[in-house]
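**Student:** Would you mind keeping the following structure in view while I ask a few things?
The values are calculated or read from the model by the stated rules, or taken from the named source; none is laboratory data. Since the model is a prediction, treat every value here as computed from it, not as a measurement. We place every Cβ from the backbone using ideal geometry, glycine too, and count neighbours over all the protein chains shown. Quick note on the areas: whole protein, heavy atoms, side chains included, nothing else; ligands and nucleic acids left out. Shrake-Rupley method; radii C 1.70, N 1.55, O 1.52, S 1.80 Å.
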Amino acid sequence: MNKLTGSTGNQNTQELIIEGAGCASCVSKIETALKNINGVDSAEMNFALRTVSIVGNVGPNVLIKAIETIGYNAKSASDRSDNDLLDEKELADRKYYTRLIRQVWIALGLGVPLMIYSIFGGPMTVETSLERGVWLFIGVLCAGIMYFAGKHFYIGAWKSLVNHSANMDTLIALGTGTAWIYSMVVVFFPMALPEMARHVYFEATAMIIGLINLGLALEVKARGRTSEAIKRLIGLQAKTARVVRDEKEIDIAIELVLLNDIVRVRPGEKIPVDGIVTQGHSSIDESMLTGEPMPVEKATGDTIVAGTLNKTGSILFKATRVGKDTALAQIIKMVKRAQNSKPPIGRLADVISAYFVPVVMIIAIVSALVWLNFGPEPTLAFAVVSATTVLIIACPCALGLATPMSVMVGVGKAAEAGVLIRNGEALQAASKITTMILDKTGTITEGAPKVTDIIVVDESYTEQYILTVAAGIERGSEHPLAQAIVDSAIEQNIELESTADFQAIAGHGVTATYHGQRLLFGNQTLMLKNNVVLNEVVAKAQKLADEAKTPMYLAIDNKLAAIIAVSDPIKQDSVEAINRLQANGIRVVMLTGDNKVTANAVAKEVGITEVFAEVLPEEKSNKVAELQAQGEIVGMTGDGINDAPALALANVGFAIGTGTDVAIESADITLMRGSLHGLADAIAVSKATLRNIKQNLLGAFIYNAAGIPFAAGILYPFFGLLLSPVIAGAAMAFSSLTVVSNANRLRFFKPQDH
């Protein structure tokens, strides 16, 4: 059917919990069914979590009906809080695990004794009436096991058959069902078969069901660990808040906090919602969100973020974002969305697995026919064993888990380091970056000018007096350099005094009067115009300029008194972070609108050799395109707003954000802290995750591809070996566990070491 594209005007994202999805081939069927609904723009299933995320403007009932039509069950997850969903999922997983373990005991309770009996030489054939009676009893027990311990496989297979498709359940049901039916034929009609073919395989049916259930149970257990990042983020949310209402402080549930409520937070308590401090002073531990270890000082007027920890003082703040609008809620949403998304390499696995099951069924039939026509006696028994083994060993469970398990752990690991990855495409692309473009202001540098040097020329004045005079002149100016001088005076507890006769001279500086003294404060041109003697001081000023500082001359009564230098200081760890990028073979380029002298000075200090200076914002995207034309995979780092065109055009856009900024929504990857180490961390996590996915996919593909010929009996003509269906069942079950365990290795990965 042709799908009509839904309107994107009212797009929303919904999440469904899927029940009954058994393997990777289910993923493609479910996604296709949802994408065929009018109004659905995209649908991505996370096989590891058994959830599907749908973007569009279709009601949940329509989506659930589409899922049920193809043989699965679904329920909406969008109308519940993350906390409730997590609790519900953990409870469901515990119940599912308990049920699977019970089914394992039921199946292996019969299968293991029969297997031991066979290993120690017990006859597994039907020759006498007594043997017929015993094996008939065991066959009935086995049927009970198939019902009580394996019913879900047969129901899943039937639903797939009704919907003209096949999945893992189909393979298991066919394999175990064929072994049981053949064995019952032997019990009821032994004389109709050659003597060598009167072998029963009840132990294979019981053992396969038991072992596959055991593999599923171990997978559920290990799978729970991959959600730890989300659990930790959700655990950051406070359960209650102390609000001030009617001049009384009362504790209420976090859901009841309203915009503009005044909230009290005491030492040791979590910040419940986003807000602005209205009273008090404290240090806030933001490491759980940003990865920044040092607490941040907060005072009146500063913003604070939900989920962070109040360390010292008691503060009052006004709630500015509550509920699902808080930065923490947005981060949880973003991490979940990224964990549900697939990198391109994962979609390849989904496509292959969609065709894999039907192909395996054909191979099983061909294998059986070859044994029937060309195999030794008993041909029928050999045909049944080979077909059953092929069906069981080829179940693509591991294939379906290979990508989502690694993505879940990798995205979570990045979030712990203060790196928010938007989707699977960004995760994969970041691992391939060859060139990283860095904006200067606010990215390499602090983004806020500061006074760096005060050189007193006239020794009759103190450094404090110079700063007092300069701040007095500049206190009324809105220029960033002026603000840096005023801030420096305030930091040193200098009381600001007013000046008189203030006059700004465009492009040169300012003049004013202070306690009867005539003041000149500005550049070299202003000094020369007023006949202020500079002499050797010019060389000092030039040296400051070469260090990316802006020197300003202060003259009192036409005599040079001091030079004050202001610069946008380089972040403490920028040099080390850039070295990390370069050590990993990444070409680092600076792109800035600042002048060439300043840009080159900063670049030299941080070890960057390629600089594009005096570039207008609209020209930045052209530079990205130029580098891409050279064959580079380009990462662009900026503030997420001014650099939007360049961020959008780059292969991966990195935004320096604080968690409350629009940067979270404007880039592929957001660095929650200002440090450029976040770039190296993001790339390291990306590479580790992609490496892990490739290991999982390679293992799963090799396992399935290599296992099928052995299961079909390729070794028999040369060595007389035919793989047992029981061995195939154990191998298939534990292949999934191997993939899950390998993905969980990422939990111990430390990006800062790479």
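**Student:** Just one of Ala217, Ala229, Ala192, Ala222 is farther than 20 Å from Val140 by Cβ, out of contact with any Leu (no Cβ under 7 Å at 6 or more places or on another chain), open to solvent by less than 20 Å² (accessible area, probe 1.4 Å) and modelled with pLDDT under 85; which is it?
**Tutor:** Going through Ala217, Ala229, Ala192, Ala222 in turn, just one is farther than 20 Å from Val140 by Cβ, out of contact with any Leu (no Cβ under 7 Å at 6 or more places or on another chain), open to solvent by less than 20 Å² (accessible area, probe 1.4 Å) and modelled with pLDDT under 85: Ala229.
**Student:** Can you name the helices (runs of 4 or more DSSP H) wholly within the range 40-152 that have at least 1 residues being at pLDDT below 90, of a type in the set (D, E, K, R) and closer than 18 Å to Leu216 by Cβ?
**Tutor:** So the answer is 82-119.
**Student:** Taking Thr13 and the conditions (1) out of contact with any Asp or Glu (no Cβ under 9 Å at 6 or more places or on another chain); (2) among the polar types (S, T, N, Q); (3) open to solvent by 60 Å² or more (accessible area, probe 1.4 Å); (4) modelled with pLDDT of 85 or more, which numbered condition does it fall short on, given that it satisfies the others?
**Tutor:** With respect to (1) out of contact with any Asp or Glu (no Cβ under 9 Å at 6 or more places or on another chain); (2) among the polar types (S, T, N, Q); (3) open to solvent by 60 Å² or more (accessible area, probe 1.4 Å); (4) modelled with pLDDT of 85 or more, Thr13 is out only on (4).
**Student:** In addition: Being of a type in the set (Gly, Ala, Ser), over 30 Å from Lys239 (Cα atoms) and out of contact with any His (no Cβ under 8 Å at 6 or more places or on another chain) narrows it down to one residue among Gly346, Gly307; which is it?
**Tutor:** Gly346 is the lone residue from the list that is of a type in the set (Gly, Ala, Ser), over 30 Å from Lys239 (Cα atoms) and out of contact with any His (no Cβ under 8 Å at 6 or more places or on another chain).
**Student:** Now a separate question. Given the residues Ser367, Ser406, Ser353, Ser386, which is the only one that is within 30 Å of Ala706 (Cα to Cα), part of a helix (DSSP H, G or I) and at pLDDT below 85?
**Tutor:** Just a single option satisfies the conditions, and that option is Ser353.
**Student:** Among the candidates Thr525, Thr513, single out the residue that is open to solvent by 20 Å² or more (accessible area, probe 1.4 Å), touching an Asp or Glu at 6+ places or on another chain (Cβ under 8 Å) and not in a loop (DSSP other than H, G, I, E, B).
**Tutor:** Unique residue meeting the criteria: Thr513.
**Student:** If I filter the range 494-509 for residues that are under 30 Å from Thr637 (Cβ atoms) and of a type in the set (Val, Ile, Thr), do I get at least one hit? Give the steps one after another, and end with the answer.
**Tutor:** Applying the first criterion (under 30 Å from Thr637 (Cβ atoms)) to the range 494-509 yields none.
The answer is no, given that none of the residues of the range 494-509 is under 30 Å from Thr637 (Cβ atoms) and of a type in the set (Val, Ile, Thr).
**Student:** Sticking with this one: Report yes if some residue within the range 49-61 is basic (Lys, Arg) and either open to solvent by 50 Å² or more (accessible area, probe 1.4 Å) or farther than 26 Å from Met405 by Cβ (or both); otherwise report no.
**Tutor:** Within the range 49-61, none of the residues are basic (Lys, Arg) and either open to solvent by 50 Å² or more (accessible area, probe 1.4 Å) or farther than 26 Å from Met405 by Cβ (or both).
**Student:** Looking at this structure, is Asp261 surrounded by 15 or more Cβ atoms within 10 Å (Cβ to Cβ), among the charged types (D, E, K, R) and either modelled with pLDDT of 90 or more or farther than 17 Å from Glu88 by Cβ (or both)? I'd like the intermediate steps shown before the answer.
**Tutor:** Details: surrounded by 15 or more Cβ atoms within 10 Å (Cβ to Cβ): yes; among the charged types (D, E, K, R): yes; either modelled with pLDDT of 90 or more or farther than 17 Å from Glu88 by Cβ (or both): yes.
When the stated conditions are applied, Asp261 passes them.
**Student:** Would you please list the contacts, defined by Cβ atoms under 9 Å and residues six or more apart or on different chains, that run from a residue in the range 105-130 that is under 21 Å from Pro194 (Cβ atoms) and open to solvent by less than 30 Å² (accessible area, probe 1.4 Å) to a residue that is of a type in the set (Lys, Arg) and part of a helix (DSSP H, G or I)?
**Tutor:** Listed pairs, sorted by first residue: Val126/Arg132.
**Student:** Which is among the hydrophobic types (A, V, I, L, M, F, W, C), without any contact (Cβ under 8 Å) to a residue 24 or more places away in the chain and either open to solvent by 50 Å² or more (accessible area, probe 1.4 Å) or assigned to a helix (DSSP H, G or I) (or both), of Ala684, Ala731, Ala706?
**Tutor:** Step by step, each of Ala684, Ala731, Ala706 is checked, and only Ala706 is among the hydrophobic types (A, V, I, L, M, F, W, C), without any contact (Cβ under 8 Å) to a residue 24 or more places away in the chain and either open to solvent by 50 Å² or more (accessible area, probe 1.4 Å) or assigned to a helix (DSSP H, G or I) (or both).
**Student:** Being part of a loop (DSSP other than H, G, I, E, B) and touching a strand residue (DSSP E or B) at 6+ places or on another chain (Cβ under 7 Å) is the filter here; which residues of the range 528-557 pass it? I'd like the intermediate steps shown before the answer.
**Tutor:** As a first pass, look at the range 528-557 and keep what is part of a loop (DSSP other than H, G, I, E, B): 530-536, 547-549, 557.
Matches in the range 528-557: Asn530, Val532, Val533, Leu534, Ala548, Lys549, Asp557.
**Student:** Moving on. Quick test for you: out of Lys543, Lys549, pick the one residue that is of a type in the set (Lys, Arg) and over 30 Å from Ala680 (Cβ atoms).
**Tutor:** Sole residue among the options that is of a type in the set (Lys, Arg) and over 30 Å from Ala680 (Cβ atoms): Lys543.
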